[in-house]
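**Student:** Below is the structure I would like to discuss, written out as structure tokens.
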Amino acid sequence: MKMHEAKPPSSPPMLPSPKSSHSLPVPAEIRQPVSKLPSARAAPPPPPNDSAWSSLLSVVSRLDGVVRLIDDVARVHPYLNAAWLFLSIAYKTVQAQQLRDQNVQDLVESMIRMYSFVEYVDIRDRITPMAEVMQQMGRETVECAKFIERYNRKTVSQRMMTSILDNVDAVIAEFKQTFETLRNDFDTGLVVQNHLGIRRIQEDINRLFIRDHLTHVLASWDPDLGCLSGTRRSILEEIMTWIVSVDRESKIPANVFWLSGLAGSGKSSIAHTLAEFCAGLGILGSGFFFKHDEAERNRAVDVFSTMAIDLAAYDPRLAQEIAQVLKASPSISGLRRQFLSLVADPIRRSDIVNPMLILIDALDECGPNRRDREEFLMLIAQEAPKLPPNIRIIISSRPDEDIVDTFQRFKSVKRFDLDLQSTENHDDLASYVSTKLSEIAALKSRKPHINPEWPEAKLRTEFVQRTAGLFIWASTALETIKDSWDPHAELLSLIRESAVNRGAQETLHDLYRRTVNKFGQWDDPNFARAFRTAVGAIIVLRDPLSPDAIDNLIGDELGAHRPDHVFSVMGSVLRIVGGTVRLLHPSFSDFLTDGSRCHDERQLILPRVHHYTIAQRCVGLMTEKLKRNIADLPDTTVMNSEIADLEGLIRKKIPRELQYACEYWVDHIVNSDGDSGVLSKIALEFLSSHALEWIEVLSLTQSTKDLSNTLENLRAWAQEQSDGEPALVDFLTELKHFSHVFASVISGSSGHIYSSALPFIPLNSRLKTFLSKWSDIPIVTTGRQINWPLFATLRSHTQPVIATAFSPDSTRFASASWDKTLCIWDTRTHDPVLQSIEGHADRLSCLAYSPDGRTILSGSYDRSLKLWSSDTGEIITTLSDRPDDTINSVSYSSDGLYFASSSVDGTIHIWRTSDNSRHLTLKYTSKVYSVAFSPDSSKITCGTKDGSVMCWAVSDGSLSFRQDRNKITNWESCNY
């Protein structure tokens with residue numbers, strides 16, 4: 001249509017038609033800051049006459065061109081296209097007029113003001129939410145253009161008559177008012193949109209802040225690991241019903257669902273499917289899937305920090321609450337403190353009303369720190385009932401003894417045991433087996449006896465009967481069939497050699513025994529040794545490695561064989577996942593490492609023996625490969641965060657097996673069973689020569705957060721070795737000081753370990769030999785300390801600390817203060833595990849740990865004794881039979897049968913731990929300051945104000961010994 005080419009006679013160039021097949025270019029001038037957006041009234045005056053038309057046509061054309069680029073608002077394009085078209089027609093009639101009408105000019109200027117946002121706003125970012133307003137703008141523009149076109153075809157006299165008869169002025173006024181309203185609507189929408197944008201930016205800032213301050217482990221759900229479509233419907237429906245059926249009236253809500261089942265029963269597949277369902281419904285707050293063979297995924301320490309990051313991504317209210325917690329306390333350690341501060345408290349404050357699921361899979365694979373696992377279990381069981389009832393927690397695990405013992409004590413835990421003999425489980429297994437056998441038939445169609453109908457229904461039924469209800473049995477057997485030379489013969493052999501109606505675990509072990517026997521020539525001692533070495537490495541490695549990395553680490557131990565040779569015959573129980581070697585299921589590792597299950601010594605894996613071997617290999621590899629500036633950085637003064645493509649550089653310069661050795665060599669030493677004298681010697685020699693180069697690698701790989709614990713673990717191990725190197729303990733103490741004092745330097749820059757940390761070690765430090773190892777180390781001539789400072793000054797109490805006590809395993813200690821509170825601390829990190837534990841009405845005076853470490857006994861100026869859970873900080877009991885005066889000393893007998901308290905009035909009470917009842921009361925005429933049991937728990941002694949020392953038999957309270965007062969007074973402490 002020729003009218004599409006209409007243009008004003010003035011200088012602006014012809015506008016491209018919106019009907020062009022090419023998108024209109026977006027001029028740079030429309031990308032202006034939103035802050036420059038004018039209101040409709042504040043728009044600059046439009047150019048007069050033809051310039052106004054040119055401007056109007058130009059902005060409509062620009063706007064339409066941008067709209068056509070955005071699929072979400074394609075519906076706006078026809079209206080803007082029509083607006084441009086009708087404006088062009090109207091303008092053509094205006095051009096024909098010798099006398100321009102002010103009414104038309106006013107309408108054009110009104111439309112220009114309406115569309116002026118094109119000049120000031122980045123419309124590509126704003127069109128989608130403003131689509132409805134812009135669509136209406138297009139409609140009104142079309143109607144106005146039609147009116148102008150009709151109006152301009154009339155003569156002046158006709159216009160005057162029309163204005164009188166048709167009330168043109170009112171129509172024009174209505175158009176102008178509509179244009180102004182639409183522009184105001186657009187401006188208001190932008191304000192709201194800007195507000196929402198600012199809020200989204202703040203939410204993103206919160207989430208980024210949280211990720212920067214917490215450790216996040218990739219331990220989420222995987223749709224490929226879920227249930228086969230159409231299976232497990234009943235259990236999935238039951239769990240989903242439980243998730244959404246919130247009982248808000250129950251005093252003890254059962255908001256923990258424990259899915260329990262034997263190894264290989266399909267628990268994790270159900271968990272992955274549930275996670276996928278709930279993620280799709282928008283109710284999955286967090287999911288953590290433990291994995292026994294991945295270091296980051298087999299320990300409890302990072303679960304709650306990962307959970308906090310997930311929750312922040314789930315809901316902005318949670319992100320805001322968690323960010324505020326971290327801003328107030330950037331370093332939050334200890335499982336209980338992490339759970340309460342980062343998970344439970346933010347959830348309670350966020351007022352989430354819809355069901356929200358927290359899913360924890362394979363809890364039985366949580367390790368290796370048993371204490372952390374116990375604390376994790378207690379936290380979930382105890383704290384879950386305190387969460388809002390719409391917060392649902394699902395845990396899947398084997399029915400391990402510690403898990404059963406913990407969960408059965410709490411009504412908040414709903415237990416569901418997978419029934420392997422149920423009809424549904426049988427049908428699901430049959431469906432799974434049928435699907436997989438059909439896949440094998442398609443894959444092996446050229447093999448003998450294989451056709452699309454293979455195998456016949458009778459064989460399929462017999463196969464399912466031999467699974468004992470275990471999916472892992474079916475999976476392993478099917479892999480064996482698939483990998484065999486003759487699948488049909490293997491199927492027949494497997495059915496023939498597998499018994500029916502045996503227990504699930506016995507059936508699985510029989511299958512594993514049969515599978516392993518087929519791996520190779522067990523009469524060849526070289527093959528047996530290679531198998532144990534290669535598979536033993538897979539089992540004890542803290543993180544999985546690639547076949548090449550395993551070969552580089554322990555290949556020399558295999559003689560003529562290589563790890564690849566062993567792995568190649570293990571296809572039914574071994575997989576390469578992400579380039580790393582993994583056993584198919586942890587139950588296979590359990591079988592190989594248990595002599596009561598794996599009866600052939602040639603196949604039996606002894607983990608501690610393999611820890612010993614790998615420990616030596618790790619130290620040898622580090623001794624050979626480590627050097628200063630291992631990444632060959634051209635500038636060693638830069639921070640790690642400033643190194644371009646650091647990850648790529650690490651992959652190139654530090655082989656994966658060397659990274660592994662640096663991170664886990666200590667773990668293998670402390671778990672080994674071999675010549676501790678040899679390990680102590682090589683550890684001391686290595687650290688004396690390469691300690692700083694080792695720490696450098698940890699810095700580059702961002703693995704320094706566990707350095708203090710690593711050093712302490714090795715130090716504790718070295719102290720226990722009677723044939724160890726005494727100097728190793730001292731050297732490790734030095735390294736602990738070094739890592740503590742220069743922690744920020746070590747984690748921030750690998751190069752500054754040498755230039756900014758080493759020069760400032762104390763004059764008497766054993767690390768001073770490193771000062772002469774490199775010639776370019778700066779020399780500090782003045783200001784260096786003589787010795788290392790204290791490890792830490794711990795602050796939590798607001799009043800004087802009057803008593804402290806260590807737990808029996810030395811992993812924690814407690815403090816009692818005049819501020820009426822107790823604190824429990826981590827001896828390694830020096831962080832509070834439980835802070836400001838309240839309960840006493842007056843100042844605390846004394847405390848003691850029980851011999852089993854589970855309880856803490858405290859005494860106070862309020863004349864009461866309290867027993868506390870050392871794991872939770874909750875009061876177990878307050879003794880009802882109160883002493884007569886301030887309690888100033890407490891003590892436990894070493895056999896754990898009794899505890900005692902002494903009071904200022906001279907009274908000593910001995911209590912039974914079995915029921916917290918009083919066993920004996922002893923009375924002295926002077927104040928008693930301290931009380932202590934003998935090592936054999938048979939006697940109890942006290943120190944008094946008048947200088948006497950008394951000793952009684954615990955059994956009957958008879959006096960065993962008395963040292964009367966002498967020149968010494970105030971025996972304020974006594975001990976055996």
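The values are calculated or read from the model by the stated rules, or taken from the named source; none is laboratory data. Fair warning: this is a prediction, and the values are worked out from it, not measured in the lab. For neighbour counting, all protein chains shown are included, and Cβ atoms are generated from backbone atoms with ideal geometry for every residue, glycine included. Accessible surface areas use protein heavy atoms only, side chains included; no ligands, DNA or RNA. Shrake-Rupley method; radii C 1.70, N 1.55, O 1.52, S 1.80 Å.
**Student:** Checking Leu711 against (1) modelled with pLDDT of 90 or more; (2) open to solvent by 20 Å² or more (accessible area, probe 1.4 Å); (3) part of a helix (DSSP H, G or I), only one condition comes out false. Which one?
**Tutor:** (2)
**Student:** Shifting gears a bit: Could you count how many residues in segment 509-546 are basic (Lys, Arg), within 25 Å of Trp473 (Cβ to Cβ) and part of a helix (DSSP H, G or I)?
**Tutor:** Quick first cut of segment 509-546, residues basic (Lys, Arg) only: 513-514, 518, 529, 532, 542.
Now drop any that are not within 25 Å of Trp473 (Cβ to Cβ), which leaves 513-514, 518, 532.
Subset that is part of a helix (DSSP H, G or I): 513-514, 532.
Matching residues across segment 509-546 total 3.
**Student:** Does Thr769 count as polar (S, T, N, Q), open to solvent by less than 40 Å² (accessible area, probe 1.4 Å), modelled with pLDDT under 95 and assigned to a helix (DSSP H, G or I)?
**Tutor:** On the way: polar (S, T, N, Q): yes; open to solvent by less than 40 Å² (accessible area, probe 1.4 Å): no; modelled with pLDDT under 95: yes; assigned to a helix (DSSP H, G or I): yes.
The answer is no for Thr769.
**Student:** Does segment 585-601 hold any residues that are touching a residue at least 12 places away in the same chain (Cβ under 8 Å) and either more than 24 Å from the chain's Cα centre (by Cα) or assigned to a strand (DSSP E or B) (or both), and which are they?
**Tutor:** Start the filter on segment 585-601 by keeping residues that are touching a residue at least 12 places away in the same chain (Cβ under 8 Å), which leaves 585-593, 597-600.
Across segment 585-601, the qualifying residues are Ser587, Phe588, Ser589, Asp590, Phe591, Leu592, Thr593, Arg597, Cys598, His599, Asp600.
**Student:** Taking the condition open to solvent by less than 10 Å² (accessible area, probe 1.4 Å) and either touching a helix residue (DSSP H, G or I) at 6+ places or on another chain (Cβ under 8 Å) or outside the structural domain of Ile440 (by the TED database) (or both), does Leu511 pass? Walk me through how you get there before you give the answer.
**Tutor:** Working: open to solvent by less than 10 Å² (accessible area, probe 1.4 Å): yes; either touching a helix residue (DSSP H, G or I) at 6+ places or on another chain (Cβ under 8 Å) or outside the structural domain of Ile440 (by the TED database) (or both): yes.
Against the criterion (open to solvent by less than 10 Å² (accessible area, probe 1.4 Å) and either touching a helix residue (DSSP H, G or I) at 6+ places or on another chain (Cβ under 8 Å) or outside the structural domain of Ile440 (by the TED database) (or both)), Leu511 qualifies.
**Student:** Please pick out the residue among Ser934, Ser893, Ser903 that is within 45 Å of the chain's Cα centre (by Cα) and either surrounded by 17 or more Cβ atoms within 10 Å (Cβ to Cβ) or polar (S, T, N, Q) (or both). Even if it seems obvious, please write down each step before you answer.
**Tutor:** Numbers: Ser934 fails: within 45 Å of the chain's Cα centre (by Cα); Ser903 fails: within 45 Å of the chain's Cα centre (by Cα).
On inspection, the qualifying residue turns out to be Ser893.
**Student:** Would you point out the residue of segment 218-234, among those that are small (Gly, Ala, Ser) and either more than 17 Å from Asp427 (Cα to Cα) or touching an Asp or Glu at 6+ places or on another chain (Cβ under 7 Å) (or both), that is least open to solvent (accessible area, probe 1.4 Å)? Outline the logic, then answer.
**Tutor:** Quick first cut of segment 218-234, residues small (Gly, Ala, Ser) only: 219-220, 226, 229-230, 234.
Now narrow it down to the ones that are either more than 17 Å from Asp427 (Cα to Cα) or touching an Asp or Glu at 6+ places or on another chain (Cβ under 7 Å) (or both): 219-220, 226, 234.
Values: Ala219: 3, Ser220: 68, Gly226: 22, Ser234: 60 Å².
Among residues in segment 218-234 that are small (Gly, Ala, Ser) and either more than 17 Å from Asp427 (Cα to Cα) or touching an Asp or Glu at 6+ places or on another chain (Cβ under 7 Å) (or both), the one least open to solvent (accessible area, probe 1.4 Å) is Ala219.
**Student:** What do you reckon, is Thr533 hydroxyl-bearing (Ser, Thr, Tyr), more than 28 Å from Gly620 (Cα to Cα) and at pLDDT 90 or above? Reasoning before the result, please.
**Tutor:** Values: hydroxyl-bearing (Ser, Thr, Tyr): yes; more than 28 Å from Gly620 (Cα to Cα): no; at pLDDT 90 or above: yes.
Here the answer is no, as Thr533 does not meet what is asked.
**Student:** So, in segment 833-866, how many residues would count as being assigned to a strand (DSSP E or B) and open to solvent by 70 Å² or more (accessible area, probe 1.4 Å)?
**Tutor:** 2
**Student:** Within the set of pairs 6 or more residues apart or between chains, which connect a residue that is within 19 Å of Asp222 (Cβ to Cβ) and outside any loop (DSSP other than H, G, I, E, B) inside segment 569-583 to a residue that is open to solvent by 60 Å² or more (accessible area, probe 1.4 Å) and among the charged types (D, E, K, R) with Cβ atoms less than 7 Å apart?
**Tutor:** Listed pairs, sorted by first residue: Arg582/Arg575.
**Student:** Still on this structure: Are there any pairs, at least 6 apart or on different chains, whose C-beta atoms fall under 8 Å, with the first in segment 317-336 and of a type in the set (Asp, Glu) and the second open to solvent by less than 10 Å² (accessible area, probe 1.4 Å) and part of a helix (DSSP H, G or I), and if so, which?
**Tutor:** Once the first residue is of a type in the set (Asp, Glu) and sits in segment 317-336, its partners that are open to solvent by less than 10 Å² (accessible area, probe 1.4 Å) and part of a helix (DSSP H, G or I) give Glu321/Pro346; Glu321/Ser350.
Every residue, every condition in (1) part of a helix (DSSP H, G or I); (2) open to solvent by 30 Å² or more (accessible area, probe 1.4 Å), yes or no:
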{"position": "Gly287", "(1), (2)": "no, no"}
{"position": "Lys291", "(1), (2)": "no, yes"}
{"position": "Val301", "(1), (2)": "no, yes"}
{"position": "Thr306", "(1), (2)": "yes, no"}
{"position": "Leu311", "(1), (2)": "yes, no"}
{"position": "Gln324", "(1), (2)": "yes, yes"}
{"position": "Lys327", "(1), (2)": "yes, yes"}
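**Student:** Further question on the same structure: Could you tell me whether any residue of segment 733-751 is within 29 Å of Ser676 (Cβ to Cβ), among the aliphatic types (A, V, I, L, M) and in a helix (DSSP H, G or I)? Write out each step before concluding.
**Tutor:** If we filter segment 733-751 for residues that are within 29 Å of Ser676 (Cβ to Cβ), which is where we start, we get 733-740, 746.
Next cut, among the aliphatic types (A, V, I, L, M) only: 735, 746.
Now narrow it down to the ones that are in a helix (DSSP H, G or I): 735, 746.
The answer is yes, given that some residue of segment 733-751 is within 29 Å of Ser676 (Cβ to Cβ), among the aliphatic types (A, V, I, L, M) and in a helix (DSSP H, G or I).
**Student:** If I filter segment 645-689 down to residues being open to solvent by less than 30 Å² (accessible area, probe 1.4 Å) and not in a helix (DSSP H, G or I), which single residue comes out as farthest from Ala295 (Cα to Cα)?
**Tutor:** Per the stated criteria, the residue is Ile654.
**Student:** For Ser869, are the conditions met, namely being on the phi < 0 side of the Ramachandran plot and crowded, with 17+ Cβ neighbours inside 10 Å? Before you say what the answer is, go through the steps one by one.
**Tutor:** Details: on the phi < 0 side of the Ramachandran plot: yes; crowded, with 17+ Cβ neighbours inside 10 Å: no.
Criteria not met by Ser869.
**Student:** Identify the residue in segment 557-581 that is among the β-branched types (Val, Ile, Thr) and open to solvent by less than 50 Å² (accessible area, probe 1.4 Å) and, among all such residues, is farthest from Gln616 (Cα to Cα).
**Tutor:** Step one: list which residues in segment 557-581 are among the β-branched types (Val, Ile, Thr), which gives 566, 569, 573, 576-577, 580-581.
Now drop any that are not open to solvent by less than 50 Å² (accessible area, probe 1.4 Å), which leaves 566, 573, 580-581.
Numbers: Val566: 22, Val573: 28, Thr580: 22, Val581: 21 Å.
In this case the residue turns out to be Val573.
**Student:** Name the pairs whose Cβ atoms lie under 8 Å apart, with the first residue in segment 744-764 and free of Cβ contacts under 8 Å to residues at least 60 places away in the same chain and outside the structural domain of Ala691 (by the TED database), the second basic (Lys, Arg) and surrounded by fewer than 20 Cβ atoms within 10 Å (Cβ to Cβ), and 6 or more positions between them or separate chains?
**Tutor:** none
To keep it simple, each residue is scored yes or no on (1) assigned to a strand (DSSP E or B); (2) modelled with pLDDT under 85.
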site	(1), (2)
Asn888	yes, no
Trp911	yes, no
Tyr929	yes, yes
Ile940	yes, no
Ile968	no, yes
Trp971	no, yes
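**Student:** Would you tally the residues in segment 774-800 being farther than 17 Å from Phe742 by Cβ and either open to solvent by 90 Å² or more (accessible area, probe 1.4 Å) or of a type in the set (D, E, K, R) (or both)?
**Tutor:** 10
**Student:** Could you grab me the full set of residues in segment 405-448 that are closer than 18 Å to Asp486 by Cβ and β-branched (Val, Ile, Thr)?
**Tutor:** The one that is closer than 18 Å to Asp486 by Cβ and β-branched (Val, Ile, Thr): Ile440.
**Student:** Sticking with this structure for a sec: Please state which one of Ala848, Ala900 is within 20 Å of Gly957 (Cα to Cα), out of contact with any Gly (no Cβ under 8 Å at 6 or more places or on another chain) and at pLDDT 90 or above. Walk me through how you get there before you give the answer.
**Tutor:** Values: Ala848 fails: within 20 Å of Gly957 (Cα to Cα).
After ruling out the rest, the residue left standing is Ala900.
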